[in-house]
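Working notes for the structure below.
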Amino acid sequence: MRSNRARFPVAGSVALLVLGTVMGFAARTPAWTAVDTAVSDWVQSARGPWPTAVAQVLNVGFGTVMGPLLALALVAGVALSGRRQAAGRVLVVIAAGWGVSWVLKTVVARSRPPVSDALVYGLGPGSFPSGHVCLTLSIVIAVAILARRTRFHRPVLAAGLVLVAGQMLARVYLGAHYATDTLGSIVVAPAAIHVALNAYRTGLFDAPWKRRRAHRGAGAREQVQPHGPGAGRIGHSPPGP
């Protein structure tokens, strides 16, 4: 039975990706950057030992080393539990949601905030969008999908929203990103995930040999399907001469 719930169209997600890209280019303008800088100054005025410690934990936990390890551990854990299809979906979610950040960083090429204001070092080029926020949000979405139709779904969503909001604030607090970079992340990451999941459901990511095997199986079932009135009924025999 088909669900009565309306599905968000793929075209809508593509439009959000375009909107996010335009947002990134607009953020490169001096006027927009001036507003972003004012927001950053306001956030960074609250710096202190405890907020800095929390922000650094989020920085390391979802960074370029620990982040992929965390994602792989999640995928491996789901696969080892026997849910191989679910593990595939988790992999697609994280790869799409995090991968879009690397693509747009190259395309938009927005400069990072001044290094003099940063509490983190060795940042890569490209400020829009935030890779940390995209990865955090992707993992939250993946876990929420796993928890769907269970009693843990709402707690996971609530905790995930707090985590993503904290990561967005932490990136500005540490001086690694502008506020617009983090807002852009929550636009483009879910959109990329939605497009990728729809492609995954249609078998676009299947290996060619797997698609050929599925096609042969469908053809074999069609050949043995009985045809004509009364075909396939037990005890039916064709009429005599």
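The values are calculated or read from the model by the stated rules, or taken from the named source; none is laboratory data. Model, not experiment: these values are computed from the prediction. Glycine also receives a Cβ, built like all others from the backbone with ideal geometry; neighbour counts cover every protein chain displayed. What goes into the accessible areas is simple: the full protein's heavy atoms, side chains included, and nothing from ligands, DNA or RNA. Shrake-Rupley method; radii C 1.70, N 1.55, O 1.52, S 1.80 Å.
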Checking the structure you have, find out if any residue of the range 86-93 is part of a helix (DSSP H, G or I), free of Cβ contacts under 8 Å to residues at least 12 places away in the same chain, crowded, with 16+ Cβ neighbours inside 10 Å and at negative phi.
no
Quickly run through the range 62-77 and pick out the residues that are open to solvent by less than 80 Å² (accessible area, probe 1.4 Å) and assigned to a helix (DSSP H, G or I).
G67, P68, L70, A71, A73, L74, V75, A76, G77
Scan the range 178-203 and report the pairs whose first residue is modelled with pLDDT under 95 and whose second residue is of a type in the set (F, W, Y), with Cβ atoms within less than 7 Å and a gap of 6+ or a chain change.
A199/F205
Is one or more of the residues making up the range 149-164 touching a residue at least 60 places away in the same chain (Cβ under 8 Å), touching a Leu at 6+ places or on another chain (Cβ under 9 Å), in a helix (DSSP H, G or I) and open to solvent by less than 10 Å² (accessible area, probe 1.4 Å)?
no
Looking at T37, is it closer than 29 Å to V195 by Cβ, among the polar types (S, T, N, Q) and open to solvent by 40 Å² or more (accessible area, probe 1.4 Å)?
no
From the list S130, S101, S116, pick out the single residue that is open to solvent by 70 Å² or more (accessible area, probe 1.4 Å), among the small types (G, A, S) and out of contact with any Phe, Trp or Tyr (no Cβ under 6 Å at 6 or more places or on another chain).
S116
